[in-house]
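Since every read-out is calculated from the coordinates, none of them should be taken as a lab result. Just so it is clear, the model here is predicted, and its values are computed rather than measured. Reconstructed Cβ throughout: ideal geometry from the backbone, glycine too, with neighbour counts over all protein chains shown.
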Amino acid sequence: MTIERVVVVGGGLAGVSAARELRDRGYDGAVTLIDKDAHPYDRPPLSKDFLLGKIGEDELGLAKPTWYDDASIDLRTGLTAVALRSATGAVELSDGSSVHADAVILALGADARPLGDTQAPHIHVLRTLADARALRDNLVSGARLAIVGGGLIGAEVASSARALGVEVELIEPFDPPLASAVGVDLAHSLHRMHVESGIRVHKSGVREIRSAGGDVIVELTDGTTVTADDVLVGIGSVPVTEMASDAGLEVDGGIVVDSAARTSNPAVFAAGDSARTRLPDGALLRRKEHWEAAKFGGHAAAAAVLGQPQPSPSADWFWSDRHGVHVEGVGSMTAEGTTVLRPYRDDDCGRIQMAFNVRGDTLLGAAAIDGGLAVRAARRLIDKGTAVTAEDLADPTFDLRRLRRS
Ligand SMILES: Cc1cc2nc3c(=O)[nH]c(=O)nc-3n(C[C@H](O)[C@H](O)[C@H](O)COP(=O)(O)OP(=O)(O)OC[C@H]3O[C@@H](n4cnc5c(N)ncnc54)[C@H](O)[C@@H]3O)c2cc1C
């Protein structure tokens, strides 16, 4: 069947990447990109430089404003797609109009997982630019911020808020959080940085969050009460799947896709934080909620729509920034294997800079603090299945790129 129009629902990274990839692969049919927000923007800066006031809204765009016209992308913002009629190929929009599509790419992202009344003015989540604006306006020196959740977003906001002179209390039941992403040892180092930068850390769950007078009260399960001017709830995300399930697509903790972004409907594809991959053996992977995975998913969906070869997959990779350090992780730190630690070079205290997860001579995962080049080298080793030794990995003077060449 000739694909005359592709409709991409969701103008986040996955959706914009899909639209761009359609054009890069030579598709010259119609492409409509729909987003309920005012313009397509990038999310990682929302917890970092945007919150810190280092960059403005005009620097968040996923593409130059002129690119959409230049690439003949029919960008429709401020409109919510409300239904997908699989039988007719129509995507119905919140203004009552509908767009016909021969192929639909769902790139709907995720919503922040709520706790308490996140509609209340001083109880925040952080997923959208509007969320970031509301939070940033209140992060003034001396303000009190309680953060529920010490994962990636909670930790980044804690760091940004502290840098702005905010009094931060971080509530997290696991010690250390993030162990599944970077391994236990690096997770401990990262979690300690909160205390070192003056953040009060509570190892506890949360019983209740409520507003009282001008304050927000967080009741912890350990009996402590935290009183703050604002609370950020950073406890993960929920994939946006309602439209997909209403349209009869398979949904199971995400819109289920195969490794080529195909859903259970041959004319519908899904990518990014809203999608979840099922392997050929039937195993469902964890939803990938990282920037690069969303971009790759968009590319994969575009390739699948056009029936072209898929982009080459690579081990999952993510980054995070906090307390002046840059963290990167690649592959799996949770797959069954042995941990190998690498200390910083020339560090008398033997502090750990990098952790590896190894099974036999196979590298499964790696993570580092301020070690981006080594993580990227590790990624090549994982992708190529290059044999490694624990001695080389543990040696801070050993350049992993040497193995890449061997
Ligand atoms: C604050 C923050 C910081 C982050 N930092 C990092 C980081 O440092 N490193 C990293 O690797 N990853 C980071 N991430 C994760 C990364 O940004 C996401 O994985 C990525 O944005 C996912 O892209 P997406 O396109 O799938 O979803 P989104 O970016 O959520 O885009 C989905 C879009 O779909 C639109 N939409 C949804 N439903 C509809 C509808 N019915 N009609 C029309 N439009 C709709 C939404 O408005 C949204 O614009 C961060 C995320 C956040 C929120």
**Message:** Taking the number of other C-beta atoms within 10 Å as the exposure measure, put VAL251, VAL184 in order starting with the fewest.
**Reply:** VAL184, VAL251
**Asked** Could you work out the helix-only [θ] at 222 nm for the chain, with each DSSP H run of four or more residues adding -39,500 (n - 2.57) and the total divided by the number of residues, to the nearest 500 deg cm²/dmol?
**Response** -7000 deg cm²/dmol
**Fill in**
So, over other residues within a Cβ distance under 9 Å of VAL256, counting Lys, Arg +1 and Asp, Glu -1, the net charge is -1
**Message:** At a 10 Å Cβ-Cβ cut-off, how would you order TYR68, TYR41, TYR27, fewest neighbours first?
**Reply:** TYR27, TYR68, TYR41
**Item:** Inter-site label distance for ARG359 and ALA130 at 7 Å from Cα along Cβ, in nm
**Value:** 4.5 nm
**Request:** Could you work out how far the C-alpha centroid of the stretch 47-114 sits from that of the stretch 301-326, in angstrom?
**Result:** 19 Å
**Prompt:** For ASP175 and LYS203 in one chain, what is 0.36 nm times their gap in residues minus the Cα-Cα distance, to one decimal in nm?
**Reply:** 9.4 nm
**Prompt:** Given charges of +1 on the Cβ of Lys and Arg and -1 on the Cβ of Asp and Glu, with all other atoms neutral, how large is the dipole of the stretch 114-233 about its Cα centre, in debye to the nearest 20?
**Reply:** 160 debye
**Prompt:** Expressed as a rounded percentage, what relative contact order does the stretch 324-405 have, with Cα pairs under 8 Å and six or more residues apart?
**Reply:** 31 percent
**Request:** Give me the percent of DSSP beta bridges within the chain that run antiparallel, rounded to the nearest 5.
**Result:** 60 percent
**Prompt:** If you average the sequence gap of Cα pairs under 8 Å that are 6 or more apart and divide by the length of the stretch 247-360, what percent do you get for the contact order?
**Reply:** 15 percent
**Message:** So if each residue of separation counts as 0.36 nm, and I subtract the Cα-Cα distance between ALA87 and ALA212, what length gain in nm does that give?
**Reply:** 39.9 nm
**Asked** When the chain is fully extended, how far beyond the present Cα-Cα distance does LYS54 get from THR389, taking 0.36 nm per residue of separation?
**Response** 116.4 nm
**Message:** Projecting each Cα onto the charge dipole of the stretch 114-233 (Lys/Arg +1, Asp/Glu -1 at the beta carbon, about the Cα centre), which of VAL201, VAL148, VAL182 comes out farthest on the positive side?
**Reply:** VAL182
**Prompt:** Using the per-residue mean of other Cβ atoms lying within 10 Å as a proxy for protection, in what order, highest first, do the peptides 207-215, 147-155 fall?
**Reply:** 147-155, 207-215
**Request:** Check the chain and count each lysine pair with an alpha-carbon distance under 25 angstrom, considering only pairs eight or more places apart or from different chains.
**Result:** 13
**Message:** Cut-off is 10 Å between beta-carbons; in what order do PHE269, PHE50 appear when sorted fewest neighbours first?
**Reply:** PHE50, PHE269
**Estimated dipole of the stretch 324-405 in Debye, rounded to 20 [Cβ of Lys and Arg +1, of Asp and Glu -1, Cα centre]** = 420 debye
**Fill in**
So for R0 = 25 Å, FRET eff. of ASP70-ASP102 from the Cβ-Cβ r, to 0.05, ends up at 0.60
**Asked** If you look at just the Cα atoms of the stretch 242-370, how large are its Rg and its Dmax in Å?
**Response** 18.1, 60
**Asked** What's the local net charge at LEU51, with K and R +1, D and E -1, over the other residues with C-beta under 15 Å away?
**Response** -1
**Request:** Just flag the trypsin sites (Lys or Arg not before Pro) in the stretch 282-361 sitting in loop per DSSP whose Cβ has no more than 13 other Cβ atoms within 10 Å.
**Result:** ARG286, ARG345, ARG351
**Request:** Starting from the Cα of ASP137, step 7 Å along the direction of its Cβ; do the same at THR227; then give the gap between the two resulting points in nm.
**Result:** 2.5 nm
**Asked** Each residue of the stretch 306-316 in turn: what ³J(HN,Hα) in whole Hz from Karplus with 6.51, -1.76, 1.60 and θ = phi - 60°, glycine and Pro shown as x?
**Response** 7, x, 9, x, 6, x, 5, x, 9, 4, 4
**Prompt:** When ranked by the protection proxy of mean other Cβ atoms within 10 Å per residue, highest first, what sequence do the peptides 72-80, 233-241 form?
**Reply:** 233-241, 72-80
